[in-house]
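Chemist: My structure is below; once you've seen it, I'll send some questions.
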Amino acid sequence: MDAEEIERGRRRWQQRYDSAVKRAADFTTLSGESVDPVYGPPPGADHPGFERIGWPGEHPYTRGLHSTGYRGRPWTIRQFAGFGNAEQTNERYRMILAAGGGGLSVAFDMPTLMGHDSDDPRALGEVGHCGVAVDSAADFEVLFGGIPLGAVTTSMTISGPAVPVFCMYLVAAERQGVDPQVLNGTLQTDIFKEYIAQKEWLFAPEPHLRLIGDLLEYCAEQLPDYKPVSVSGYHIREAGSTAAQELAYTLADGFAYLELGRSRGLDVDVFAPGLSFFFDAHLDFFEEIAKFRAARRIWARWLRDVYGARTEKARWLRFHTQTAGVSLTAQQPYNNVVRTAVEALAAVLGGTNSLHTNALDETLALPSAQAAEIALRTQQVLLEETGVANVADPLGGSWYVEALTDRIEAQAEEIFARILAKGSSEHAIGPMTSGILRGIEEGWFTREIAESAFRYQQAVERGEKRVVGVNCFPRSVTEELSILRVGHEVEREQVRLLAARRAGRDEAAVRAGLALMLAAARDGSNLIPPMLAAVRAEATLGEICDALRAEWGTYREPAGF
């Protein structure tokens with residue numbers, strides 16, 4: 001790009017920056033020196049390829065979605081939490097919000113993630129152990145008791161039974177007197193990554209896509225600010241993928257959800273802003289920064305050139321980041337504080353919109369209150385003390401970072417081509433969807449990730465990849481941690497509450513709601529309104545999911561090895 005075009009871009013950026021709202025904060029160094037809000041090539045200098053880097057707030061958004069960077073608004077501190085029952089988790093949420101957290105992120109226990117009630121035989125011994133137990137809308141009322149859902153953004157990490165859980169969230173908001181139109185938050189809903197990596201599904205892919213399509217339609221009409229799908233690369237990376245695989249599989253899934261919405265007749269400029277993303281921040285500091293920058297650039301280009309998005313908001317890739325759980329070690333667990341801080345810094349320098357920092361003891365158990373506070377304070381130290389929020393994309397233009405960004409983008413494009421080659425352009429939803437479904441059916445994604453995980457583990461075993469406290473520097477004075485334990489009484493009490501709620505509800509209303517839901521499943525009408533009717537009558541998660549399992553069947557993945 002020649003100097004004249006670079007200067008035109010600088011002037012465009014300056015106009016946007018001047019008209020934007022900025023935070024009232026001190027944007028100087030510790031020495032008191034002022035810093036500019038963005039840096040670029042020296043005036044009058046040519047910079048070949050600068051159109052791929054650009055200025056913050058304009059296509060291709062390599063340097064961020066907003067001209068102000070974090071001077072306009074810092075990232076949302078959104079700590080992931082959930083354990084025991086709804087009352088215990090509500091206490092943790094109140095602690096997080098009181099300590100300066102900016103939003104909530106709900107972790108559900110395994111029975112909930114699999115669409116089972118707490119009294120289901122398959123839930124025995126699992127209730128409340130890896131997240132909060134939720135059986136009906138009444139649990140959601142307790143979960144968010146005293147927390148105004150119209151004012152707090154809430155993310156829910158659940159995919160298989162995401163739609164009935166979403167209905168319970170809506171009903172809890174209604175019972176607070178909140179207008180659903182003002183609700184803001186995200187629902188994971190990303191079923192593709194379940195087949196690819198996490199393995200928590202209820203049905204075959206097609207019924208799940210039916211539910212997601214209904215959700216996209218409903219939210220486009222009824223909840224303009226809500227993000228009904230959070231496309232997740234986090235679980236793909238945690239399963240052992242490379243950074244490029246995480247990026248490519250995640251964005252390909254996002255493209256497939258775009259195809260799903262368009263197949264329903266939705267306008268991409270209306271529903272695409274309702275898609276958000278969820279990435280892992282791993283330990284290779286610069287590679288992670290490059291991954292985040294490349295993600296924005298790829299998404300913007302494909303939305304404009306392939307899917308015809310006309311508005312800026314439709315081309316924006318908004319993403320949440322969580323530090324890498326798989327990088328935490330049981331050995332010398334206090335080292336995990338350092339790992340988390342480095343990963344969080346990479347997410348911030350990559351321009352994340354919101355961030356969760358893992359606790360030092362999460363490799364052993366659910367985080368204790370003290371460990372959760374340290375994780376929260378890690379973000380606050382980054383924001384308040386380090387100066388990283390003073391300049392938009394401070395590493396932009398670095399030869400190393402730009403080369404890494406270009407390389408990971410090229411690797412992702414190669415993977416897109418391989419996925420598309422598996423599919424058919426004649427598929428009813430779209431070619432990327434077709435390729436993903438074929439890859440799931442063949443076990444291709446699982447094999448690719450397994451091979452990457454195996455190569456990394458071999459390198460660790462050989463000592464080529466060094467992990468402090470594991471294969472180097474093993475001696476330590478660290479004493480055993482005191483960890484959070486969820487007792488059996490949590491399960492007993494949850495089962496008792498569930499029985500009492502069933503005994504006190506209107507069974508005829510529950511049966512009627514479930515019957516309407518099944519009628520919609522059969523006639524092709526939108527499932528959300530009848531499912532809401534069932535939830536308002538206190539139908540449980542297991543009852544809703546079991547009714548749909550009976551209608552649609554279950555799914556077993558093909559053997560991959």
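Chemist: Using helices alone, I'd like the mean residue ellipticity at 222 nm for the chain: each DSSP H run of four-plus residues gives -39500 (n - 2.57), total over residue count, nearest 500.
Modeler: On the way: 20 runs with 270 residues, N = 561.
That comes out to -15500 deg cm²/dmol.
Chemist: Determine the shape class of region 354-427: with a ≥ b ≥ c the square roots of the Cα gyration tensor eigenvalues, call it rounded for a/c under 1.5, and otherwise prolate if a/b is greater than b/c, oblate otherwise. Don't jump to the answer; show the numbers that get you there.
Modeler: Working: a/c = 3.48, a/b = 1.54, b/c = 2.26.
Taking the square roots of the gyration eigenvalues as a ≥ b ≥ c, region 354-427 is oblate.
Chemist: Ignoring ligands, DNA and RNA, what accessible area per residue does the chain give at 1.4 Å, in Å²?
Modeler: That works out to 40 Å² for each residue.
Chemist: Here's a follow-up. For LYS291, list the lysines whose Cα falls under 26 Å from its own Cα; do not include residues on the same chain fewer than 8 positions away.
Modeler: Cα-Cα hits under 26 Å: LYS193, LYS199, LYS227, LYS313, LYS422, LYS465.
Chemist: Return the whole-Å distance between the Cα centroid of region 30-80 and the Cα centroid of region 391-433.
Modeler: 21
Chemist: Just how large is the dipole of the chain about the Cα centre, in debye to the nearest 20, putting +1 at every Lys and Arg Cβ and -1 at every Asp and Glu Cβ?
Modeler: Roughly 560 debye, rounded to the nearest 20.
Chemist: Please state the shape class of region 444-552: rounded when a/c is under 1.5, otherwise prolate if a/b exceeds b/c and oblate if not, all from the C-alpha gyration tensor. The partial results should precede the final answer.
Modeler: Values: a/c = 5.51, a/b = 1.88, b/c = 2.94.
Verdict is oblate for region 444-552.
Chemist: If you don't mind, there's one more thing I want to ask. For region 40-137, rounded, prolate or oblate, judged on the Cα gyration tensor with a ≥ b ≥ c (square roots of eigenvalues), a/c < 1.5 rounded, else prolate if a/b > b/c?
Modeler: Because a/c hits 1.5 or more and a/b exceeds b/c, region 40-137 counts as prolate.
Chemist: Another question, then. Largest first, how would HIS282, HIS488, HIS208 line up by accessible area (1.4 Å probe)?
Modeler: The most accessible residue leads, giving HIS488, HIS282, HIS208.
Chemist: Which distance in nm do the two modelled labels at SER525 and ARG52 give, with both placed 7 Å along the Cα-to-Cβ direction?
Modeler: With each label placed 7 Å out from Cα toward Cβ, I get 5.3 nm.
Chemist: Using +1 at the C-beta of Lys and Arg and -1 at the C-beta of Asp and Glu, which of HIS235, TRP13, PHE445 has the Cα lying farthest in the positive direction of the dipole of the chain?
Modeler: Value: TRP13.
Chemist: So how far, in whole Å, is the C-alpha centre of region 87-131 from the one of region 304-339?
Modeler: Between the Cα centre of region 87-131 and that of region 304-339, the gap is 22 Å.
Chemist: Can I ask one more? May I ask what percent, to the nearest 5, of DSSP beta bridges between residues of the chain are antiparallel? List each step's numbers first, then the result.
Modeler: On the way: 1 of 29 bridges.
Roughly 5 percent of the DSSP beta bridges within the chain come out antiparallel.
Chemist: At 1.4 Å probe size, what's the solvent-accessible area of GLU451? Round to the nearest 10 Å².
Modeler: Rounded to the nearest 10, that gives 90 Å².
Chemist: Can you report the principal axis dimensions of the chain using only the alpha carbons, biggest first, rounded to whole angstrom?
Modeler: 76, 62, 51
Chemist: A further question follows. Rounded to the nearest 10 degrees, what's the angle between the helix 541-552 long axis and the longest principal axis of the chain, both from Cα atoms, 0 to 90?
Modeler: 90
Chemist: I'd like the accessible area for TYR555: 1.4 Å probe, protein heavy atoms, all chains in place, Å² to the nearest 10.
Modeler: In the full protein context, TYR555 sits at about 60 Å².
Chemist: Also, quick follow-up: Any chance you could give the angle, 0 to 90 degrees and rounded to 10, that helix 285-305 forms with the longest Cα principal axis of the chain?
Modeler: 80
Chemist: Whole-Hz ³J(HN,Hα) for each residue in region 199-206, computed from phi via Karplus 6.51 cos²θ - 1.76 cosθ + 1.60 with θ = phi - 60°, x for glycine and proline: what do you get?
Modeler: 6, 10, 10, 10, 10, 5, x, 4
Chemist: Could you tell me what percent of the accessible area of the chain is made up of carbon and sulfur, with a 1.4 Å probe and every protein chain present? Provide the component values of the computation, followed by the final result.
Modeler: Values: 12040 of 22680 Å².
It is 53 percent, rounded to a whole number.
The values are calculated or read from the model by the stated rules, or taken from the named source; none is laboratory data. Fair warning: this is a prediction, and the values are worked out from it, not measured in the lab. Note: ideal-geometry Cβ built from the backbone for every residue, glycine included; neighbour counts use all protein chains shown. Each accessible area value is taken on the protein alone, full model and side chains, heavy atoms only, with ligands, DNA and RNA left out. Shrake-Rupley method; radii C 1.70, N 1.55, O 1.52, S 1.80 Å.
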